[in-house]
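**Q** First, the structure itself, so that you have it in front of you.
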Amino acid sequence: MARVTAPAPRYDVVGIGNALVDVIAHVDDDFLTRHELVKGAMTLVETDRALELHRALPTAIEMSGGSAANTVCGVASLGGSAAYVGKVSADDLGGVFDHDLRAVGVRFARAAQHADVPTGRCIIAVTDDAERTMNTYLGASSLLAPDDIDAEVVAAGAVLYMEGYLFDRDDAKAAFRRAASIAHDAGRLVSLTLSDSFCVDRHRDDFVGLVADEVDLLFGNADEICSLYEVDDLDTAVAAVQADCAMAAITVGARGALVATADGVVDVPATPVPKVVDTTGAGDLFAAGFLFGLTHGHDPVGCARLGAIAAGEIISHVGPRPLVELRTLI
């Protein structure tokens, strides 16, 4: 856990991740056909394709997204304090991302801007059957480098929370290592969310090294944890993560979550939801609830219960940000 006695933190959580803006538009199936989009798929696209699709959309809603950004916004909604480190461009969508974080009270430690690389965006085409077809352009967000880490902000957070989706470039890996070192030197906790099993598959050795060397608290779902340790059995993966981390919070779908520490493993049930509408952001908000609990004196089981409440609110509607102040639910 933390290595030195630390001064009181200014923030409960400091998040680092892909700074993306969701651009959501309702379209018909002909739009998908005309633009050769695979219905229901998520495709990574380059700059020209992203700008082409963005221009072709009818009236669209623009709202900031990104996994770690969703989490810190959830922390703020619960009544906590949070900051975010990410990279956007000096364009309109960069302004949208900045505004949306500040509007909910999250400090945006904005990295140096790239005038020639647009802000990352996820272009979401929603058809009448509610199917979401996504084209994601990482843009400036993927260019985060060690020099972009605001050491003062990272050191001021009780917990550093890093998003695995950002891990694709060597500069980003180095940025994670630098941020973790700053946090530990300041006596803070370091947490990581694995984000996606395919991401883990691409960078397993680097993830394993980071988890073993720097991570105090690991977040992931059952598939991600099993992928990390290359096993098919969740119990085996849990035993492995107990050897690497002081704590792990592992979501297991409708069953809820497991909290693993050196003292053992505890099951925490999910919060009942009358109707599941959209699971986008469920893991992000589970982490928000857990981290809020951790920084406000709750034991690990209490943290997971708060995570379940926050995730339950998110899956009851479309979109990865709360529609109510989460603090009113607890």
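Throughout, read-outs are computed from the coordinates displayed, never taken from laboratory work. Values in this document were obtained by computation on a predicted structure and should not be read as measured data. With ideal geometry, Cβ positions are generated from the backbone for all residues, glycine too; neighbour counts draw on all protein chains shown.
**Q** Roughly what angle does helix 300-314 make with the longest principal axis of the chain, taking Cα atoms, 0 to 90 degrees, to the nearest 10?
**A** Here the helix axis deviates by roughly 10 degrees.
**Q** Let me ask you something else. Of the listed peptides 188-194, 115-121, what is their order by residue-averaged count of other C-beta atoms within 10 Å, with the highest listed first? Working shown, then result.
**A** Details: 188-194: 25.4, 115-121: 19.3.
Most protected by this proxy first, the peptides run 188-194, 115-121.
**Q** If neighbour count is taken as other Cβ atoms inside 10 Å, put F31, F286 in order from fewest to most.
**A** Ranking F31, F286 by Cβ neighbours within 10 Å, fewest first, gives F31, F286.
**Q** Anyone know which of A151, A19, A172 comes out most mobile in the 10 Å Cα GNM of the chain?
**A** Comparing A151, A19, A172 in the GNM, the peak value goes to A151.
**Q** Now for a different question. From the residues I315, I250, F108, which one has its Cα farthest along the dipole of the chain in the positive direction, the dipole being from +1 and -1 charges on Cβ of Lys/Arg and Asp/Glu about the Cα centre?
**A** The one lying farthest along the dipole's positive direction is F108.
**Q** Roughly how tilted is helix 67-77, in degrees to the nearest 10 and between 0 and 90, from the longest Cα axis of the chain?
**A** Roughly 70 degrees between the two axes.
**Q** Further, regarding this structure: For K87, K275, what ranking results if the residue with the fewest other Cβ atoms within 10 Å of its Cβ goes first? Write down the numbers at each step before the final one.
**A** Numbers: K87 29, K275 7.
Taking fewest neighbouring Cβ atoms as first place, the list is K275, K87.
**Q** Using Cα pairs closer than 8 Å and at least 6 residues apart in sequence, work out the relative contact order for the stretch 123-188, in percent.
**A** Values: 60 pairs, mean separation 22.8, N = 66.
Over the stretch 123-188, the number comes to 35 percent.
**Q** To the nearest 20 debye, what is the magnitude of the charge dipole of the chain about its Cα centre, counting +1 on the Cβ of each Lys and Arg and -1 on the Cβ of each Asp and Glu?
**A** Values: 24 positive and 48 negative charges, 194 e Å.
Computed charge dipole of the chain: roughly 940 debye.
**Q** Related question: For the residues S227, S316, what sequence is obtained by ranking on other C-beta atoms within 10 Å, fewest first? Walk me through the numbers before you get to the answer.
**A** Details: S227 21, S316 16.
Ascending number of Cβ neighbours within 10 Å: S316, S227.
**Q** Helix 170-185 versus the longest principal axis of the chain: what angle, 0 to 90°, nearest 10, using Cα atoms?
**A** Orientation of helix 170-185: about 40 degrees from the principal axis.
**Q** Given Cα pairs under 8 Å that are at least 6 residues apart, what percent is the relative contact order of the chain?
**A** Details: 764 pairs, mean separation 60.0, N = 330.
18 percent.
**Q** Could you name the lysines in cross-link range of K173, using Cα to Cα under 30 Å and dropping any fewer than eight places away on the same chain?
**A** The reachable lysines, counting only those whose Cα sits under 30 Å from K173, are K87.
**Q** Find how many whole Å separate the alpha carbon centroid of the stretch 181-228 from the alpha carbon centroid of the stretch 268-330.
**A** 21 Å
**Q** Of the listed peptides 298-310, 91-103, 207-219, what is their order by residue-averaged count of other C-beta atoms within 10 Å, with the highest listed first? Write down the numbers at each step before the final one.
**A** Working: 298-310: 21.9, 91-103: 17.8, 207-219: 20.3.
Descending packing order for the listed peptides: 298-310, 207-219, 91-103.
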